[in-house]
Amino acid sequence: MAAAIEFEVERLGAGPPVLFVHGSIVGPELTWRKQRELAERWSLILPSRPGFGESPRLERNDFEVEAPLFAELLGNGAHLVGHSYGAVIALLMAAERPEAVRSLTISEPGALLIAAGNPDVDEMIRNGERLYSDPGSIPAETFLRLFRSGAGSSHETPEQLPDWLARGVELLKDERPPWEAEIPLERLAAADFPVLVISGDHSPAFEAVCEALADALSAQRAVIPGRGHTIPGTGAPYNEALERFLTSAEVR
């Protein structure tokens, strides 16, 4: 098993540490490209998940396997930020090492079981299960379009995928589906760190998941529209909400 130290990790800036965990398809350089300006006031820790950048691949990317690996990067304490699949990993990381989490910021996690029973959430799970029933039979471009459409991503999918994007789709097809994640909500709720849950106001399913998560964790809520599921891509609105929260957590 690889250790976190073996993965590619970019570090920027000076100030309180903030660990960012990206999701599927694209790595940290695209997911967090508009957050790099925060390095003027914060120490950014930007790991590449397995198979992204120079990080070694796992046999299969899996939130349950990755969480303890990346939890090592929290060190003696850091703010933790996760988006999409990375938000699922971040939730499990926070449960793994709650004493090392200064604050937790989550945007639209794929942990759909949090709101299972909601009709929109259940439909999203069914659609995902159909897509993943035989991913090898679906051309990469088609699979990516269907996946992004289902998630509400604002990224455009070209007719011919460049090598880096084709690699991301290959990882996506093999990835353990995030709706299988069972989040230890009681353990997280008992932890002594503030939580912010962000949604993009584009999907009833994701809104239901974020509301249920915020209720379970007594978390702050923010809704940042404009880029669908690609919430960090809004730039200033996301950064302002995140920095307000991080600053209040530091004061706390």
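The values are calculated or read from the model by the stated rules, or taken from the named source; none is laboratory data. Remember, predicted model here, so these are calculated numbers, not experimental data. Neighbour counts run over all protein chains shown; Cβ positions are idealised from the backbone, glycine included. The protein model used for the area step is the full one, side chains on, heavy atoms only, and it has no ligands, DNA or RNA in it. Shrake-Rupley method; radii C 1.70, N 1.55, O 1.52, S 1.80 Å.
For residue 26, the shell of other residues with beta-carbons less than 12 Å away shows a net charge of +3, using +1 for Lys and Arg and -1 for Asp and Glu. Pull out a ≥ b ≥ c, the square roots of the eigenvalues of the alpha-carbon gyration tensor of the stretch 50-99, then state rounded if a/c is under 1.5, prolate if not and a/b is larger than b/c, and oblate in the remaining case. Because a/c hits 1.5 or more and a/b exceeds b/c, the stretch 50-99 counts as prolate. Taking every protein chain into account, the accessible area of the chain amounts to 43 square angstrom per residue (probe 1.4 Å).
Coupling constants for the stretch 51-57 follow from the phi torsions by the Karplus curve (6.51 cos²θ - 1.76 cosθ + 1.60, θ = phi - 60°), and in residue order they are x, 9, x, 9, 6, x, 7 Hz; glycine and proline get x. Count the net charge of all other residues whose Cβ sits under 12 Å from the Cβ of residue 46, scoring Lys and Arg as +1 and Asp and Glu as -1. For residues surrounding residue 46, the net value is +1.
Counting only Cα atoms, the size of the chain along its three principal axes is 51, 39, 35 Å, in decreasing order.
The length gained on full extension between residue 10 and residue 248, counted as 0.36 nm times the residue separation minus their Cα-Cα distance, comes to 83.1 nm. Element breakdown for the stretch 49-154 at a 1.4 angstrom probe: carbon and sulfur atoms account for 48% of the accessible area. Across the stretch 129-252, Cα-Cα pairs more than 18 Å apart make up 64 percent of the total.
Loop-only GluC sites (Glu not before Pro) in the stretch 1-71, please: DSSP not H, G, I, E or B, and at most 16 other Cβ atoms within 10 Å. Before the final figure, lay out each step's value.
Values: sites: 6, 8, 10, 29, 37, 40, 54, 59, 64, 66; in loops: 8, 54, 59.
Those satisfying the criteria are 8, 54, 59.
Between the stretch 106-156 and the stretch 228-252, the C-alpha centres lie 25 angstrom from each other.
Heavy-atom surface analysis with a 1.4 Å probe gives the stretch 177-229 a carbon and sulfur content of 46 percent of its accessible area.
Would you mind classifying the stretch 9-100 by shape? Square roots of the alpha carbon gyration tensor eigenvalues, ordered a ≥ b ≥ c; an a/c under 1.5 is rounded, otherwise it is prolate if a/b is larger than b/c and oblate if not. Oblate. Which of 72, 240, 211 moves most in a GNM of the chain, Cα contacts under 10 Å? Checking each option, the largest mean-square fluctuation is seen for 240.
Shape class of the stretch 60-156 from the Cα gyration tensor (axes a ≥ b ≥ c, square roots of the eigenvalues): prolate, since a/c reaches 1.5 or more and a/b is larger than b/c.
Under the combined filter of DSSP loop state and at most 15 neighbouring Cβ atoms within 10 Å, the stretch 1-109 retains these trypsin sites (Lys or Arg not before Pro): 41, 57, 60. Here is the list for the stretch 169-210: GluC sites (Glu not before Pro) lying in DSSP coil, each with at most 14 other C-beta atoms within 10 angstrom of its C-beta, are 182.
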